[in-house]
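What follows is a set of notes on a single structure, which appears directly below.
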Amino acid sequence: MFSHETHGRSFFRFFLEIPRLSGTLDILPVIAEESVLNAVDLSGGDMLTVAGQVRSHNTRTDGVRHLLVFVYAEQILCETGPAINDADLRGFLCREPTFRRTPLGREICDVMLAVPRQYRRADYIPCILWGKTAQEISLCHVRDEIRILGRLQSRVYTKQTEEGLQPRTTYEISALSAECVNSAAN
């Protein structure tokens, strides 16, 4: 479906389903320029491969800010093969990590990564880390440079609003590994 137009270029939005090893489906939003979509040859296989960038955009609806996270498609190919969901991000912590444990004792660390891009802009990408990786990154601080390898995932949760309980979907990078590349303290 049509998303928006900027600088005379039209962009379209669609959702891509990617199965996890557990069988759960991640349903990820993709935005592609019309010329990228027109270049797709659908005779090459039974699956779409989207290569691009994980990006974010802040919107305001009824005075409430929302962070939209999506895949900005630079290339789309029709191929065959196994489903792969890989993300490789390098950016700076823009708020202190939040470390906690699940009721079953599993360590989790939430971080917000500011990933620089052209024209002095940045994308703000929420990331979740687990176990030893969560422990290590929880010791980092704002402005530390972090590299995260993982996957973009969708997660549905329920939010209590004035209208009652509402299902919401959030998108985040689930880290397989992470490292502090450069500490702001050094």
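The values are calculated or read from the model by the stated rules, or taken from the named source; none is laboratory data. Everything quoted here is computed from the prediction, not taken from an experiment. Cβ sites come from the backbone with ideal geometry, for glycine too, and all protein chains shown count toward neighbours. In case anyone asks, the SASA skips ligands and DNA or RNA and just uses the protein heavy atoms, side chains included. Shrake-Rupley method; radii C 1.70, N 1.55, O 1.52, S 1.80 Å.
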Restricting the range 103-118 to residues that are open to solvent by 40 Å² or more (accessible area, probe 1.4 Å), touching a strand residue (DSSP E or B) at 6+ places or on another chain (Cβ under 9 Å) and over 20 Å from residue 182 (Cβ atoms), which is modelled with the highest pLDDT? 110
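So which of 133, 169, 161 ends up being crowded, with 16+ Cβ neighbours inside 10 Å and polar (S, T, N, Q)?
Only one candidate passes the filter, namely 133.
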In the range 6-19, the residues that are more than 18 Å from residue 168 (Cα to Cα), open to solvent by 60 Å² or more (accessible area, probe 1.4 Å) and part of a strand (DSSP E or B): 9, 13, 19
Residue 78 is checked against (1) over 11 Å from the mean Cα position of the chain (by Cα); (2) exposed (fewer than 15 other Cβ atoms within 10 Å of the Cβ); (3) hydrophobic (A, V, I, L, M, F, W, C); (4) under 29 Å from residue 124 (Cα atoms) and fails just one. What number does that condition carry? (4)
Taking the range 137-156 and keeping residues open to solvent by 40 Å² or more (accessible area, probe 1.4 Å), at pLDDT 95 or above and of a type outside the set (A, V, I, L, M) leaves 141, 143, 147, 151
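Residue-by-condition table, conditions (1) part of a strand (DSSP E or B); (2) within 28 Å of residue 20 (Cα to Cα):
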| position | (1), (2) |
| --- | --- |
| 133 | no, yes |
| 142 | no, no |
| 149 | yes, yes |
| 152 | yes, yes |
| 157 | yes, yes |
| 165 | yes, yes |
| 172 | yes, yes |
Restricting the range 45-75 to residues that are at pLDDT 90 or above and either of a type in the set (D, E, K, R) or over 20 Å from residue 31 (Cβ atoms) (or both), the one surrounded by the fewest Cβ atoms within 10 Å (Cβ to Cβ) turns out to be 74
Within the group 22, 35, 3, which residue is in a loop (DSSP other than H, G, I, E, B), of a type in the set (Ser, Thr, Tyr) and free of Cβ contacts under 8 Å to residues at least 60 places away in the same chain? 22
Test each condition in (1) open to solvent by 40 Å² or more (accessible area, probe 1.4 Å); (2) in contact (Cβ under 8 Å) with a residue 40 or more places away in the chain; (3) within 21 Å of residue 56 (Cα to Cα) for residue 127 and report the one that comes out false. (1)
Please go through the range 145-186 and pick out each residue that is among the basic types (Lys, Arg) and under 21 Å from residue 115 (Cβ atoms). 147, 151, 155
